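Trainee: Questions regarding the structure given below will be posed in turn.
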Amino acid sequence: MIKTETAPSAVAFRPTEHVEFVLLVIPDVNGSLRGKALRPDAFEAAVRHGTVMTDLLLALDPVDTPIADYERFGIRTGAADLVVHPDTSTLRDLRWRPGWRICLGTPSWPDGSRCQIATREVLRGALDQVRDAGYEAMAAIEYELRLRDEQDRLVTTGISYSAGEVAALDGFVSALRPALEDLGVELTAVHTEAAPGLLELNLAARPALEAADNAAYTKFAVKELARSMGMRASFLAKTASGEEGSSGHVHFSGWRDGSNAFTSDATLRSAIAGVLEHLPGASLLLNPTINSYKRLVPGYFAPTNVSWGVENRSCAVRAIRSERAELCRFECRRPGADANPYLAMAAIAAAAADGLRRQASPPEPVVGDAYARDDLTPLPASLESALMAFDADDVLRRALGETFSDYYAISRRWELKAFQDTVTDWERSRYERSV
């Protein structure tokens, strides 16, 4: 399902003869890429000296409202500058915008200090912990998304792995593959899923930071390419009740001296044990929105309890063994497609590193339907309960950084307040005539 390699593969991207603009971007707290388009001379200057962007980019909610609860940056301090330096190893072409390129940036504070709340930097810190435990992390994220055509119709009927329906998507898929290739992303497979309009994209495994970059570029490319074709793509975790939602499963392995250490059952189990122990608190990063928890219901291959099993898709963590050493890994099935890929990866990496460091042991693997087990610890079923679990997990908070953890928790409390202040059509329809 996931192609794994021992080293990053440099996917060649098409050179641009005439560059008009370079999009210099950073991922915000929600995983959206934000930044500005620089002319080539300005981009070259940014490579040498950095360029300024407002720190408000780190303090915006999903609808672009400033989060007013931050006291040291953002709207309450006048939206001062960040200094952003391009990471030129991520410079790529945008095939659907001839003459445009894109590049991820690394933000720092004006005094030159590291911006420890920037989500890509949080992942770097988590991967350092995996490294300190003696391993290099390889990973891949697989995404499910909903796609609508030019008439706003869902593009499939909801038959999973339908050969006929995926072939009918040739126009979009054939445009997506080279677009991702130009972004340095290897798309290994596409198939339909069991809900109308639902597609799954499989990406090749890469070193974990590169895998998160690939995931961020993939979400950006899918939405932008669809828009350019008059279509619409969504990574919302749950679009309709009674249907499968959109997941963002993370495949993860630890490597040492060029070999996959997860071929050792003990090593794989220790990593899984760490993930299971911290999964309740990590849910705040893996399932970051109010809508996330509507996906996490029994019967739709979305995990609801602390569980693992060998090749068991009803569990939160699926152990995957293979005669091919490079394919041995675990799959964390808790994340939704709405998760920030850097934070989802960071939470899983930090949890796995804790398990590896302690040589922890997981409980016995689940055999059969994990949903039917009433002896397994339930995972948070709401954003509010996930926030409580995160606040209680001191080990995970320290692993991600206390400064970041406070920053992130504030952003999720802001989401809860926004929802509490909203009166929905459901409430009006259900209660208006009866109370």
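The values are calculated or read from the model by the stated rules, or taken from the named source; none is laboratory data. Source: prediction; values computed, not measured. Neighbour counts are summed over all protein chains in view; Cβ atoms, including those assigned to glycine, are modelled from backbone coordinates with ideal geometry. The area values use the complete protein model at the heavy-atom level, side chains included, leaving out ligands, DNA and RNA. Shrake-Rupley method; radii C 1.70, N 1.55, O 1.52, S 1.80 Å.
Trainee: Restricting to the stretch 398-435, name every residue that is open to solvent by less than 60 Å² (accessible area, probe 1.4 Å), closer than 17 Å to Ala346 by Cα and either touching a Cys at 6+ places or on another chain (Cβ under 9 Å) or free of Cβ contacts under 8 Å to residues at least 40 places away in the same chain (or both).
Mentor: Ser405 - this is the single residue of the stretch 398-435 that is open to solvent by less than 60 Å² (accessible area, probe 1.4 Å), closer than 17 Å to Ala346 by Cα and either touching a Cys at 6+ places or on another chain (Cβ under 9 Å) or free of Cβ contacts under 8 Å to residues at least 40 places away in the same chain (or both).
Trainee: Report yes if some residue within the stretch 132-139 is over 30 Å from Thr267 (Cβ atoms) and either not basic (Lys, Arg) or not in a helix (DSSP H, G or I) (or both); otherwise report no.
Mentor: Taking every residue of the stretch 132-139 in turn, none turns out to be over 30 Å from Thr267 (Cβ atoms) and either not basic (Lys, Arg) or not in a helix (DSSP H, G or I) (or both).
Trainee: Another question, then. Identify, by number, the condition in (1) of a type in the set (Lys, Arg); (2) touching a strand residue (DSSP E or B) at 6+ places or on another chain (Cβ under 7 Å); (3) not in a helix (DSSP H, G or I) that Arg97 doesn't meet.
Mentor: Single failed check for Arg97: (2).
Trainee: Restricting attention to the stretch 142-200, which residues are without any contact (Cβ under 8 Å) to a residue 24 or more places away in the chain and among the charged types (D, E, K, R)?
Mentor: Arg153, Asp170, Arg177 - these are the residues of the stretch 142-200 that are without any contact (Cβ under 8 Å) to a residue 24 or more places away in the chain and among the charged types (D, E, K, R).
Trainee: Also, I was wondering about something else. Wholly within the stretch 355-421, which helices (runs of 4 or more DSSP H) include no fewer than the required count, namely at least 3 residues that are acidic (Asp, Glu) and under 26 Å from Phe330 (Cα atoms)?
Mentor: Values: elements: 383-392, 394-400, 402-420.
The helices (runs of 4 or more DSSP H) meeting that bar number zero.
Trainee: Among the numbered criteria (1) in contact with a helix residue (DSSP H, G or I) (Cβ under 6 Å, 6 or more places away or on another chain); (2) open to solvent by less than 10 Å² (accessible area, probe 1.4 Å), which one does Asp182 miss?
Mentor: Only one criterion in (1) in contact with a helix residue (DSSP H, G or I) (Cβ under 6 Å, 6 or more places away or on another chain); (2) open to solvent by less than 10 Å² (accessible area, probe 1.4 Å) is unmet by Asp182, namely (1).
Trainee: Evaluate the stretch 227-234: report whether one residue or more is of a type in the set (A, V, I, L, M, F, W, C), surrounded by fewer than 19 Cβ atoms within 10 Å (Cβ to Cβ) and out of contact with any helix residue (DSSP H, G or I) (no Cβ under 6 Å at 6 or more places or on another chain).
Mentor: yes
Trainee: In addition: Among the residues of the stretch 334-354, write down those that are open to solvent by 10 Å² or more (accessible area, probe 1.4 Å) and either in a loop (DSSP other than H, G, I, E, B) or on the phi > 0 side of the Ramachandran plot (or both).
Mentor: Answer for the stretch 334-354, where residues must be open to solvent by 10 Å² or more (accessible area, probe 1.4 Å) and either in a loop (DSSP other than H, G, I, E, B) or on the phi > 0 side of the Ramachandran plot (or both): just Asp338.
Trainee: State whether one or more residues within the stretch 242-250 are farther than 30 Å from Asp93 by Cβ and either surrounded by 23 or more Cβ atoms within 10 Å (Cβ to Cβ) or in contact with a helix residue (DSSP H, G or I) (Cβ under 9 Å, 6 or more places away or on another chain) (or both). Let's see the steps before the verdict.
Mentor: Here is the first cut: in the stretch 242-250, the ones farther than 30 Å from Asp93 by Cβ are 242-245.
With either surrounded by 23 or more Cβ atoms within 10 Å (Cβ to Cβ) or in contact with a helix residue (DSSP H, G or I) (Cβ under 9 Å, 6 or more places away or on another chain) (or both) added as a condition, the list becomes 244-245.
Yes.
Trainee: Hey, among the residues in the stretch 262-277 that are out of contact with any Leu (no Cβ under 8 Å at 6 or more places or on another chain) and of a type outside the set (Val, Ile, Thr), which one's most open to solvent (accessible area, probe 1.4 Å)?
Mentor: Quick first cut of the stretch 262-277, residues out of contact with any Leu (no Cβ under 8 Å at 6 or more places or on another chain) only: 263-266, 268-269, 272-273, 275-277.
With of a type outside the set (Val, Ile, Thr) added as a condition, the list becomes 264-266, 268-269, 273, 276-277.
Values: Ser264: 45, Asp265: 64, Ala266: 67, Leu268: 3, Arg269: 61, Ala273: 8, Leu276: 10, Glu277: 105 Å².
So, considering only residues that are out of contact with any Leu (no Cβ under 8 Å at 6 or more places or on another chain) and of a type outside the set (Val, Ile, Thr), the one most open to solvent (accessible area, probe 1.4 Å) is Glu277.
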